[in-house]
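Accompanying notes for the structure given below.
The values are calculated or read from the model by the stated rules, or taken from the named source; none is laboratory data. From a predicted model like this one, the values you see are computed outputs, not experimental measurements. When we count neighbours, we look across all protein chains shown, and the Cβ atoms used for this are built from the backbone with ideal geometry, even at glycine. The area values use the complete protein model at the heavy-atom level, side chains included, leaving out ligands, DNA and RNA. Shrake-Rupley method; radii C 1.70, N 1.55, O 1.52, S 1.80 Å.
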Amino acid sequence: AGTGPAGSEPGGSGPGGESALWRMRTTVRDAPGSLAVLCAALADRRIDILSLQTHPLTEGTVDEFLLRAPGELSAAELAEVVTTAGGARTWTERADAHDLVDAPTRVLGLAARTALDAAELPLALRQLLGRCTIRSLPAPADDGAGARAAAAVPPEGALEDTVLRLRAPEGGVISVERPHLPFTPAEFARARALVELDARLGPRVPRGRDVLTLPEGSDITVRRADTRDVPAAKAMHERCSARTLGMRYHGPVGDADRYLNHLLSPRFGRTLAVQTASGRIVGLGHLLWDGDETEVALLVEDGWQRRGIGGELLARLVAMAADAGCESVYAITQASNTGMVAAMRGLSLPLDYQIEEGTL
């Protein structure tokens, strides 16, 4: 029997015999009475079964439980109870109150979030499938390695033990990896349904926008942006000085079309645009999903710098990250970029500085 990822085991017994919530999966034989034996063994240890989902396999059945157990029961002891009762390949991790929502309600909620915002798809997949790493391989522009990787995934997707791969609606591949727990066919079907929903709905971002007045009196609008804003974003880049672009991209800037299509794609994160009353974009803020981490990046046109736009964008991006359940965000810039440092400090959040050869 195994346990979940490091750090998932509770830290000992709770005071006064407090209970603890657990998520558990185990494989039982596909034979009458197998599940009953397991349930009886859990009951003998005063463990309540709050919910149960079954994932039929070719041989046996994966049963997924939400359990309330005595606080003093450890992950190892819980796994031992299950193994003795006939469970195999047992996996456990601590749960929380969010797991008390039944599966159909949770899936419908994730579908609704995905329908409203294309950038929600990676987050919805992570919440649907638990602790996992999601990567997006963009649609290849040629017949190189990227094209071969995309061609290797059939239209219906591929399930390979702890990795599932799905064709992305815009052409690339979405890869989901969960090394501690193999995916079941039922989970694969749910993930594929979310991706198909995203594909049917097409490009979309929330329509909300905020009009703000800067200290000197100018009105600006902050709104979500996507790849439909690439022409306006490219025009802003062309108005920026080489120094401003160098601060943002840490070197010479080549073909803007190539990286702007990636940066503004909702598949890789969320983008906020700042535009003037005439509709011209003068600032961009990106929240980028980087595997298990989250990066923030800012670019403000030279003539609009030092007016509070960067701080406004950063605060909104960090709020988005918190809403998405991210524990931290990071930014990569040059140590001489005092504007970015000031904006980060203005968040009044704990900061960790790492400097290497002038990169902060």
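Which fully enclosed helices (runs of 4 or more DSSP H) of the range 181-250 have 3 or more residues being touching a helix residue (DSSP H, G or I) at 6+ places or on another chain (Cβ under 9 Å), under 17 Å from Thr114 (Cα atoms) and among the hydrophobic types (A, V, I, L, M, F, W, C)? Break it down stepwise before answering.
On the way: elements: 185-201, 230-239, 242-249.
Passing ranges, in order: 185-201.
Scan the range 267-291 residue by residue and report those that are of a type in the set (S, T, N, Q) and either in contact (Cβ under 8 Å) with a residue 40 or more places away in the chain or within 15 Å of Pro122 (Cα to Cα) (or both).
Residues of the range 267-291 that are of a type in the set (S, T, N, Q), as a first pass: 271, 275-276, 278.
Matches in the range 267-291: Thr271, Gln275, Thr276.
Looking at (1) crowded, with 18+ Cβ neighbours inside 10 Å; (2) part of a helix (DSSP H, G or I), can you tell me which one Arg270 breaks?
The one condition Arg270 does not meet is (2).
I'm checking my understanding of the structure. Among residues of the range 320-355 that are of a type in the set (Val, Ile, Thr) and assigned to a helix (DSSP H, G or I), which one is farthest from Val205 (Cα to Cα)? Full working, then the answer.
First, pick out the residues of the range 320-355 that are of a type in the set (Val, Ile, Thr): 329, 332-333, 338, 341, 355.
From what's left, assigned to a helix (DSSP H, G or I): 338, 341.
Working: Thr338: 32, Val341: 29 Å.
That would be Thr338.
Please go through the range 166-180 and pick out each residue that is in a loop (DSSP other than H, G, I, E, B) and either closer than 17 Å to Leu121 by Cβ or open to solvent by less than 80 Å² (accessible area, probe 1.4 Å) (or both).
At the first step, the residues of the range 166-180 found to be in a loop (DSSP other than H, G, I, E, B) are 168-172, 178-180.
Correct list: Ala168, Pro169, Glu170, Gly171, Gly172, Arg178.
So that you can scan it fast, the table gives a plain yes or no per residue for (1) among the hydrophobic types (A, V, I, L, M, F, W, C); (2) closer than 20 Å to Gly33 by Cα; (3) modelled with pLDDT of 90 or more; (4) open to solvent by 10 Å² or more (accessible area, probe 1.4 Å):
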position	(1), (2), (3), (4)
Gln53	no, yes, no, yes
Asp63	no, yes, yes, no
Ser74	no, no, yes, yes
Leu78	yes, no, yes, no
Thr84	no, yes, yes, yes
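Looking only at the range 118-129, which residues are out of contact with any Gly (no Cβ under 9 Å at 6 or more places or on another chain) and open to solvent by 10 Å² or more (accessible area, probe 1.4 Å)?
Glu120, Leu128 - these are the residues of the range 118-129 that are out of contact with any Gly (no Cβ under 9 Å at 6 or more places or on another chain) and open to solvent by 10 Å² or more (accessible area, probe 1.4 Å).
Given the residues Arg135, Arg113, Arg148, which is the only one that is modelled with pLDDT of 85 or more and among the charged types (D, E, K, R)?
Working: Arg135 fails: modelled with pLDDT of 85 or more; Arg148 fails: modelled with pLDDT of 85 or more.
Sole residue among the options that is modelled with pLDDT of 85 or more and among the charged types (D, E, K, R): Arg113.
Kindly indicate whether Ile332 is open to solvent by 50 Å² or more (accessible area, probe 1.4 Å), of a type in the set (Val, Ile, Thr) and either in contact with a strand residue (DSSP E or B) (Cβ under 6 Å, 6 or more places away or on another chain) or in contact (Cβ under 8 Å) with a residue 60 or more places away in the chain (or both).
On the way: open to solvent by 50 Å² or more (accessible area, probe 1.4 Å): yes; of a type in the set (Val, Ile, Thr): yes; either in contact with a strand residue (DSSP E or B) (Cβ under 6 Å, 6 or more places away or on another chain) or in contact (Cβ under 8 Å) with a residue 60 or more places away in the chain (or both): yes.
Here the answer is yes, as Ile332 does meet what is asked.
Could you list, ordered by first residue, the pairs with Cβ atoms under 6 Å in which the first is in the range 222-249 and closer than 17 Å to Leu313 by Cα and polar (S, T, N, Q) and the second is open to solvent by 10 Å² or more (accessible area, probe 1.4 Å) and at pLDDT 90 or above, at least 6 apart or interchain?
Taking only residues 6 or more apart or on different chains, the pairs are Thr244/Asp302.
Of the conditions (1) of a type in the set (A, V, I, L, M, F, W, C); (2) touching a residue at least 40 places away in the same chain (Cβ under 8 Å); (3) open to solvent by less than 50 Å² (accessible area, probe 1.4 Å), Leu264 clears all except one; give me its number.
Against the list (1) of a type in the set (A, V, I, L, M, F, W, C); (2) touching a residue at least 40 places away in the same chain (Cβ under 8 Å); (3) open to solvent by less than 50 Å² (accessible area, probe 1.4 Å), Leu264 comes up short only on (2).
Please verify whether the range 230-248 includes one or more residues that are in contact with a Lys or Arg (Cβ under 6 Å, 6 or more places away or on another chain) and not aliphatic (A, V, I, L, M).
Looking only at the range 230-248, we keep the residues that are in contact with a Lys or Arg (Cβ under 6 Å, 6 or more places away or on another chain), and these are none.
Checking the range 230-248: not a single residue is in contact with a Lys or Arg (Cβ under 6 Å, 6 or more places away or on another chain) and not aliphatic (A, V, I, L, M).
Kindly check whether there is at least one residue in the range 340-353 that is hydroxyl-bearing (Ser, Thr, Tyr) and open to solvent by less than 40 Å² (accessible area, probe 1.4 Å).
Pass one, the range 340-353, residues hydroxyl-bearing (Ser, Thr, Tyr): 348, 353.
Adding the requirement that they be open to solvent by less than 40 Å² (accessible area, probe 1.4 Å) leaves none.
No, that holds for no residue.
For the range 192-223, give me each residue that is open to solvent by 80 Å² or more (accessible area, probe 1.4 Å), within 23 Å of Arg267 (Cα to Cα) and among the acidic types (Asp, Glu).
Answer for the range 192-223, where residues must be open to solvent by 80 Å² or more (accessible area, probe 1.4 Å), within 23 Å of Arg267 (Cα to Cα) and among the acidic types (Asp, Glu): just Glu196.
When residues of the range 282-296 are filtered for being surrounded by fewer than 22 Cβ atoms within 10 Å (Cβ to Cβ) and out of contact with any Phe, Trp or Tyr (no Cβ under 9 Å at 6 or more places or on another chain), how many remain?
2
Does Val163 satisfy the condition of being open to solvent by less than 40 Å² (accessible area, probe 1.4 Å), among the β-branched types (Val, Ile, Thr) and either at pLDDT 90 or above or closer than 26 Å to Val62 by Cα (or both)?
yes
Please work out which residue is modelled with the highest pLDDT, limiting yourself to the range 116-132 and to residues that are small (Gly, Ala, Ser) and more than 20 Å from Trp91 (Cβ to Cβ).
Ala124
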